[in-house]
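Data block below; observations after.
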Amino acid sequence: MDLIKELSDKIKGLPESDIREVIEFLKSKKEREKKGSPEVILKHGGSWKFQKGKLDSILKDVQKLREIEK
């Protein structure tokens with residue numbers, strides 16, 4: 001079954017407050033996926049000063065922590 005159709009079928013008949021809660025959950029899920037990603041961190045890379053190799057070390061640590069969380 002198509003996931004969008006399945007989602008649509010599951011929310012039909014729910015009270016509006018529950019549907020809003022689902023929408024808020026999806027928004028927060030999307031934001032959490034971005035938080036801590038190398039892309040987000042590197043947006044600030046030009047404004048930070050690191051010793052040689054330190055940024056790579058930090059990014060590796062972030063990746064390790066993200067893998068532990070899974």
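Taken together, the values in this text are just the output of simple stated rules run on the coordinates, not laboratory data. From a predicted model like this one, the values you see are computed outputs, not experimental measurements. We place every Cβ from the backbone using ideal geometry, glycine too, and count neighbours over all the protein chains shown.
What the table shows:
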| read-out | value |
| --- | --- |
| Extension gain, GLU69 back to LEU26 (0.36 nm per residue minus Cα-Cα distance, nm) | 13.6 nm |
| Simple spin-label estimate for LEU14 and LYS49 in nanometres, 7 Å along Cα-Cβ | 5.0 |
| Within straight-line cross-link reach of LYS54, lysines at Cα separation under 19 Å, skipping those fewer than 8 residues along the same chain | LYS43, LYS64 |
| Spherically averaged projected area in nm², based on the convex hull that wraps the Cα atoms of the chain | 7.1 |
| Nearby aspartates and glutamates by direct alpha-carbon distance to LYS10 (threshold 12 angstrom, same-chain neighbours under 8 apart not counted) | ASP18 |
| Label-point separation, LEU59 to ILE41 (7 Å along Cα→Cβ), nm | 0.8 |
